Amino acid sequence: MAKTKDLTGKRFGKLMVMHQLKEKIDNRIAWHCLCDCGNEVDVKSVYLTTGQTKSCGCLKKDMNNKNLREQYDSKRVDGVVTPLFKGKTPRKDSSTGFRGVEKYYTRKSKELRYRAWITVKGERYYKSGFETPEDAYYKGRLELERKHLPGRKD
Ligand SMILES: [Zn+2]
């Protein structure tokens, strides 16, 4: 039989070892411990020495609560961030009222025109010469999307 290491008075996490149990647990030597929270618990030697058990169970409960809080916080961050990436409808805050449409003036006659643009993989494509932003969006921008955005077959 292996020599019994006396753990009396030793501290493992939140547990203070009070005394050895007269009866073994699962045929293993066990100790009666006092947890910092005030609970008393019987723990097998191996659980104490390997660091598997560091409290009466209250420590684990604390950590679970902490994990839940962190999950909740990360969800809240997502909730704030994700709406910024929703942009499927024409944006109302651009100068023309349409996403991917900008106005410009023709070089010679200085007439107001609209052009559609799209950026795909760092390349910017234009379709110019529209007289209204609606035309630029529906005839220009949407065509550019069909032509240049991958996976669009309509
Ligand atoms: Zn405890």
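When D135, D26, D6 are arranged by Cβ crowding within 10 Å, least crowded first, meaning fewest neighbours, the order is D26, D6, D135. Simple point charges give the picture: +1 on the Cβ of Lys and Arg, -1 on the Cβ of Asp and Glu, and for segment 106-154 a dipole about the Cα centre of about 240 debye. Within segment 92-136, the trypsin sites (Lys or Arg not before Pro) that combine a DSSP coil assignment with at most 11 other C-beta atoms in a 10 angstrom radius are K92, R107, K108, K110, K121.
Each reported figure results from applying straightforward, stated rules to the coordinates on display, with no laboratory input. None of the values given here were measured: they were computed from a predicted structure. Note that each Cβ is placed from the backbone with ideal geometry, even for glycine, and that neighbours are counted across all protein chains shown.
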